[in-house]
Each structure stands twice: as C-alpha cells, then as structure tokens.
Amino acid sequence: MRKKYLVAVVVAAASLAALAWLLLARTSPLTGAGSAPPAAKPAQVSASIEVEGRGSVLANGTSTLFWNSTKPFALRLEARPEACWAFRGWLVNGSLYSAQPNATLLVKGNTTVKAVFEQPVFTVSIVANASGALARVNGTLYPLPVNVSAPACSLLEVEPLESELCKPLSSSALIAVEHPLRLVLYYARKAFAVELKSVLVPVSVNGTIYARDALVAVPPGSNLTIAPYGTDSAGCTPYNETHRVCLVGWRVDGTEKKMRYLFLHADRDVVLEQLTTFAVREPPQAKTVIETPSGPIEVEVVPAAKWMIVPFKAEEYRHVGGGWFHIKGEDWVFYIALPPWKRVRVTLNYTSPGRVLGSLEVVVRNDEIFASLGWWISSRMTEYVKLATFTIDYAFVERYRNVSTKEDVWRAFRDPAYSQLFQPPPELIANNLCNHVGSGPSTKVMEGIGVGWLSVEGSGEMWIRIEILEPQG
C-alpha cells in the first residue's frame, strides 16, 4: 500500500515539473513576452468590371470580369461597342477615368471599373426650297425647315405634304440614320408667303385680322394693304392696366421702315416684323406756375397723349421752381392752361438729340373745328441764343379764330400781322431756325382744351417759363 502511494507521488511530481518547464519556455528572455502568433494571410487586391449599355470588355486580352492579387497589378482594358452603339468612357469607382476605348489601369486597392456604352443620337436637318412647306416625319407633322433627333440605326419615314403655299415635287423617303445628315425636299410654289413676326398690335392684311405671329399665303401678283387694327390715332392698343403697346413701324426683310401702314406687291416671300414701343395709358396731368402782374398763379398742364398720332413718351414733366416747367423724353405734346390774358411772354430752351423740331403754338379755335398756330423751333437754337423769348398778343387769337381750311392757314402764314402779333426771337428768324407752323384745322376737337391756351411739342428736352404781361380786364 505504501509502495502504490510512492508511485503516485512520483507521477504527480513529474507532471508538475513538465508544466513548470512549459511556463519557463513561454517566458524565456529570448522571445520577450512570448512566442510570435501564426503568420497572417497576405491582403487581397481585387478589381471587378461592369458593363453599362450594349458592348463587351476585354481585360488583359480576356473576358474575365473579376481580378484579384496579393499585390498591385495592371489591367489592360479594351471596350468593344456593339453595332449602333458607341463607347462613352471608363468609370473607376464612379469617376471618369478615360474616354478612350483602350486604357491601362494600375489597381492598388479594391476597385470597380465600369465600361459605359451609349446609343448616339444624330440630328437630321430637313429643309425645303420654298417657305411654308410641310412634311410628315414618322407620323408627326412639321413645318420646314426642321431639325429631328434620331438614334443611330433608326429609320425615318419622310413624307412631303402640300400646303397653302406649295405642293411637293419630292417623293416620300425611308432613311436609315447612321450619321448627321441634311435632307432637301423640293416643292412647286402656289403662293408667296408673308410672314408676320413679333406681333403685339393686331393688324389687318387685306381685311383679315391677325393678332399674333402668322404665315399668310398671298397669290402672286396681288396687292397687299397692311394696317394696324383696333388702335387709337397713335397706333396704340391696351397692353395691360397701366400701359399701351404702340406700332411704330415694320422691319421689312431686315430693313426698318418707320411707318404703320404698308402697301406691298406680292412678287416674292417677305418677312414683316413689327416695331413696337410701350406708352403709359393715362399720363397724369401736371401743374406749373406762371407769373402775372398780381403774382404767381398755378395752372394746369395737360398731356395730349389721347390726341397724338405717335405714342406719347415723355419721361419727366414737372414744375421745378421759379416759374420754370421742365419736359424730357421722346414725342410729347402738352397744352398749358392760361387765365384770361392780353399779352404773354414765353421764354424757352429746347434741345433734341435727334434734331427733331419743337413748336410753340396758341390755340385759336376749338369748337366744331380745332386749330392752333405758332412757330416751329429748331433744336439748334442754343447755337445762337440760350433762351428764346416769344411775345404773343391776344389779337393773334382773334385775328385767326375763324380758320377752317388749309388755305386759311396758308393765308395766315403770309399775313404780315402774323409775326407782329406773335413775335419770335429775331436771331432764330435770321438763321432760319424758326418758322410758321400750325396744327389743324381738324374736326377732331380737343375736349377740355381752351382757346388761348398754349401748346408745346417736341422730342427731347424743353425748359419753359410763362409770364402774363397784361391780363384781360
């Protein structure tokens, strides 16, 4: 029994000795904290290749689309689009790398490569030898010329059609689109085309009304009358709540003509583009101050927009102090109310960048007939006098208050009393910068305008001051 116990102690001691040896080995001074762990597997570098669209890809001469390695490697890429498709470019991790079909890529980390193919779209330009021609392309009606976009290898069926202006000479065609192309269709003319462009003011063409852009067919050799329709005397029609749009002329085949009415002979196609301007619908009235023997008084200044035959376009008009009234802008006429007077002195300065004549007139009649008489004034007046002074005797109004015809006006111009009763500056007369002028006689009565009122007209800038030298008793 004692012998068995001894054997067991020896075995246990041997086991403890073996365990101690292992612990000493793991903490040996030769390996520091312990022995090295097992070696890690080498890192993998991979590249996957994708295709967008219709085409194929070769990488390093093979069709393999997934590559990996334990170190960086190169890919020789080649893109091969299918028929009717084109290569657009290589995307590497979502960014454009190259637009060339053959490219080399060095792969240093996990990479996604995409070859992008697209179907090209070409422009087919279809034109005609005559304006107003029509054609149907794949069932859609087009006025010619037209540019049609078509994918590569698609088919276009082009069918020339008869219109008001021409009939086709070319036959229908089926076209395979392989590149950009230009197709010319031929037509025989039936009528000439009048193209109305930029239409804002309605117009009549031989009695037919057009309120927007249009292509008008007219028989060869016919005569055309083109006129504004539904406008006031200035060629204007309401545009919105605050402004009118006014026809001031036409651009005929690129040449500007400052006339609202056109008379044409149809011997060719013609393009007519409206020339328009905008004017305030109701220009506000103003006030000015005139000097009288009893002191300054305020009087009314009335814009003549509703009676003018051109658009009223004064930008500024107001009393600026000291009896001076200032007017600035293009194309304006004003009537200035006066209290009863016997002699008036008017001092003014007039300039016009466009060298447009101005005028100063006095209303001599406004019953069933309207008429005003006075003097036109050159915009060059300031070359001779800074301020032009006119003196008017009311006897001028009384002498010519019965004018009713153009002949009466011409007789008034030849009357020596004309320049005695309405005296202009001698410097302007001597240099031919001032002469007789009149408005009317006209049956278009100016409602609200009084006999003896002054009228000023111009296109530019005027400063005017009025003094009543002698009032009526």
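The values are calculated or read from the model by the stated rules, or taken from the named source; none is laboratory data. Just so it is clear, the structure is predicted and the values come from calculations on it, not from any experiment. Note that we place each Cβ from the backbone using ideal geometry, even for glycine, and neighbour counts take in every protein chain shown.
Please go through the range 145-172 and pick out each residue that is aliphatic (A, V, I, L, M) and under 29 Å from the mean Cα position of the chain (by Cα).
Applying the first criterion (aliphatic (A, V, I, L, M)) to the range 145-172 yields 146, 148, 150, 152, 155-156, 158, 161, 165, 169.
Listed by number, the residues that qualify are 146, 148.
Just need a number here: residues in the range 421-435 that are over 43 Å from the mean Cα position of the chain (by Cα), within 14 Å of residue 374 (Cβ to Cβ) and in contact (Cβ under 8 Å) with a residue 24 or more places away in the chain. Outline the logic, then answer.
Keep residues of the range 421-435 that are over 43 Å from the mean Cα position of the chain (by Cα), which gives 421-432.
Narrowing further to those that are within 14 Å of residue 374 (Cβ to Cβ): 421-425, 428-429.
After this cut, where a residue has to be in contact (Cβ under 8 Å) with a residue 24 or more places away in the chain as well, the list is 421-425, 428.
Here the count works out to 6.
Every residue, every condition in (1) assigned by TED's automatic domain parsing to the domain that holds residue 347; (2) part of a loop (DSSP other than H, G, I, E, B); (3) under 41 Å from the mean Cα position of the chain (by Cα); (4) hydroxyl-bearing (Ser, Thr, Tyr), yes or no:
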residue: 437; (1), (2), (3), (4): yes, no, yes, no
residue: 440; (1), (2), (3), (4): yes, no, yes, no
residue: 444; (1), (2), (3), (4): yes, yes, yes, no
residue: 448; (1), (2), (3), (4): yes, yes, yes, no
residue: 452; (1), (2), (3), (4): yes, yes, no, no
residue: 455; (1), (2), (3), (4): yes, no, yes, yes
residue: 459; (1), (2), (3), (4): yes, no, yes, yes
residue: 464; (1), (2), (3), (4): yes, no, yes, no
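What residue, among those in the range 206-253 that are closer than 25 Å to residue 282 by Cβ and of a type in the set (A, V, I, L, M, F, W, C), is nearest to the chain's Cα centre (by Cα)?
Restricting to residues being closer than 25 Å to residue 282 by Cβ and of a type in the set (A, V, I, L, M, F, W, C), the top hit is 245.
Looking at the range 441-460, which of its residues are in contact with an Asp or Glu (Cβ under 9 Å, 6 or more places away or on another chain) and farther than 17 Å from residue 374 by Cα?
443, 445, 459, 460
Pick from the range 138-162 the residues that are part of a strand (DSSP E or B) and of a type in the set (D, E, K, R): which of them is surrounded by the fewest Cβ atoms within 10 Å (Cβ to Cβ)?
Residues of the range 138-162 that are part of a strand (DSSP E or B), as a first pass: 140-143, 146-151, 155-161.
Going one step further and asking which of them are of a type in the set (D, E, K, R), we end up with 157, 159.
Values: 157: 12, 159: 18.
Among them, the one singled out is 157.
Please verify whether the range 301-311 includes one or more residues that are more than 30 Å from residue 371 (Cβ to Cβ) and among the β-branched types (Val, Ile, Thr).
The initial filter retains those residues of the range 301-311 that are more than 30 Å from residue 371 (Cβ to Cβ), namely none.
No, the range 301-311 contains no residue that is more than 30 Å from residue 371 (Cβ to Cβ) and among the β-branched types (Val, Ile, Thr).
Scan the range 110-137 for residues that are surrounded by 15 or more Cβ atoms within 10 Å (Cβ to Cβ) and of a type in the set (Gly, Ala, Ser) and jot them down. Give the steps one after another, and end with the answer.
Just the residues of the range 110-137 that are surrounded by 15 or more Cβ atoms within 10 Å (Cβ to Cβ), to begin with: 111, 113-120, 122, 124, 126, 128-135, 137.
115, 128, 130, 131, 132, 133, 135 - these are the residues of the range 110-137 that are surrounded by 15 or more Cβ atoms within 10 Å (Cβ to Cβ) and of a type in the set (Gly, Ala, Ser).
Does residue 303 count as modelled with pLDDT of 90 or more and surrounded by fewer than 15 Cβ atoms within 10 Å (Cβ to Cβ)? First the steps, then the outcome.
Numbers: modelled with pLDDT of 90 or more: yes; surrounded by fewer than 15 Cβ atoms within 10 Å (Cβ to Cβ): no.
No.
Output the residues belonging to the range 99-113 that are assigned to a strand (DSSP E or B) and touching a Lys or Arg at 6+ places or on another chain (Cβ under 9 Å).
First pass over the range 99-113, keeping only residues assigned to a strand (DSSP E or B): 102-107, 111-113.
Those that are assigned to a strand (DSSP E or B) and touching a Lys or Arg at 6+ places or on another chain (Cβ under 9 Å): 102, 103, 104, 105.
Free of Cβ contacts under 8 Å to residues at least 12 places away in the same chain, outside the structural domain of residue 151 (by TED's automatic domain parsing) and in a strand (DSSP E or B): is that true of residue 96 in this structure?
On the way: free of Cβ contacts under 8 Å to residues at least 12 places away in the same chain: yes; outside the structural domain of residue 151 (by TED's automatic domain parsing): yes; in a strand (DSSP E or B): yes.
Considered against the rule, which asks whether it is free of Cβ contacts under 8 Å to residues at least 12 places away in the same chain, outside the structural domain of residue 151 (by TED's automatic domain parsing) and in a strand (DSSP E or B), residue 96 comes out as yes.
Would you check if residue 116 is in contact with a Gly (Cβ under 8 Å, 6 or more places away or on another chain), part of a strand (DSSP E or B) and in contact (Cβ under 8 Å) with a residue 24 or more places away in the chain?
Values: in contact with a Gly (Cβ under 8 Å, 6 or more places away or on another chain): yes; part of a strand (DSSP E or B): yes; in contact (Cβ under 8 Å) with a residue 24 or more places away in the chain: yes.
When the stated conditions are applied, residue 116 passes them.
Could you figure out which of (1) part of a strand (DSSP E or B); (2) closer than 30 Å to residue 274 by Cα isn't true of residue 124?
Looking at each condition in turn, residue 124 falls short on (2).
Here are 165, 105: which of them is surrounded by 13 or more Cβ atoms within 10 Å (Cβ to Cβ) and either in the same structural domain as residue 80 (by TED's automatic domain parsing) or acidic (Asp, Glu) (or both)?
Numbers: 165 fails: either in the same structural domain as residue 80 (by TED's automatic domain parsing) or acidic (Asp, Glu) (or both).
Residue meeting the stated conditions: 105.
Please go through (1) under 31 Å from the mean Cα position of the chain (by Cα); (2) buried (at least 17 other Cβ atoms within 10 Å of the Cβ); (3) part of a strand (DSSP E or B) for residue 288 and return the number of the only condition it doesn't satisfy.
Here residue 288 meets the rest and fails (1).
Looking at 245, 216, which one is part of a strand (DSSP E or B), over 30 Å from residue 446 (Cβ atoms) and of a type in the set (Val, Ile, Thr)? First the steps, then the outcome.
On the way: 245 fails: over 30 Å from residue 446 (Cβ atoms).
The unique qualifying residue is 216.
Quick check on residue 175: is it part of a strand (DSSP E or B), in the same structural domain as residue 233 (by TED's automatic domain parsing) and either farther than 16 Å from residue 137 by Cβ or over 26 Å from the mean Cα position of the chain (by Cα) (or both)?
So residue 175 fails the test.
Quick one: is residue 80 of a type in the set (Lys, Arg) and more than 30 Å from residue 48 (Cα to Cα)?
On the way: of a type in the set (Lys, Arg): yes; more than 30 Å from residue 48 (Cα to Cα): no.
For residue 80, the condition - of a type in the set (Lys, Arg) and more than 30 Å from residue 48 (Cα to Cα) - is not met.
Of all the strands (runs of 3 or more DSSP E) wholly in the range 302-387, which have at least 3 residues that are out of contact with any strand residue (DSSP E or B) (no Cβ under 9 Å at 6 or more places or on another chain) and over 30 Å from residue 259 (Cα atoms)?
Working: elements: 313-321, 324-336, 341-351, 358-366, 370-377.
Correct list: empty, since no element meets the threshold.
State yes or no: is residue 390 touching a strand residue (DSSP E or B) at 6+ places or on another chain (Cβ under 7 Å) and part of a helix (DSSP H, G or I)?
Against the criterion (touching a strand residue (DSSP E or B) at 6+ places or on another chain (Cβ under 7 Å) and part of a helix (DSSP H, G or I)), residue 390 does not qualify.
Among the candidates 237, 242, which residue alone is modelled with pLDDT under 95, β-branched (Val, Ile, Thr) and closer than 14 Å to residue 201 by Cα?
Details: 242 fails: closer than 14 Å to residue 201 by Cα.
So the residue among 237, 242 that is modelled with pLDDT under 95, β-branched (Val, Ile, Thr) and closer than 14 Å to residue 201 by Cα is 237.
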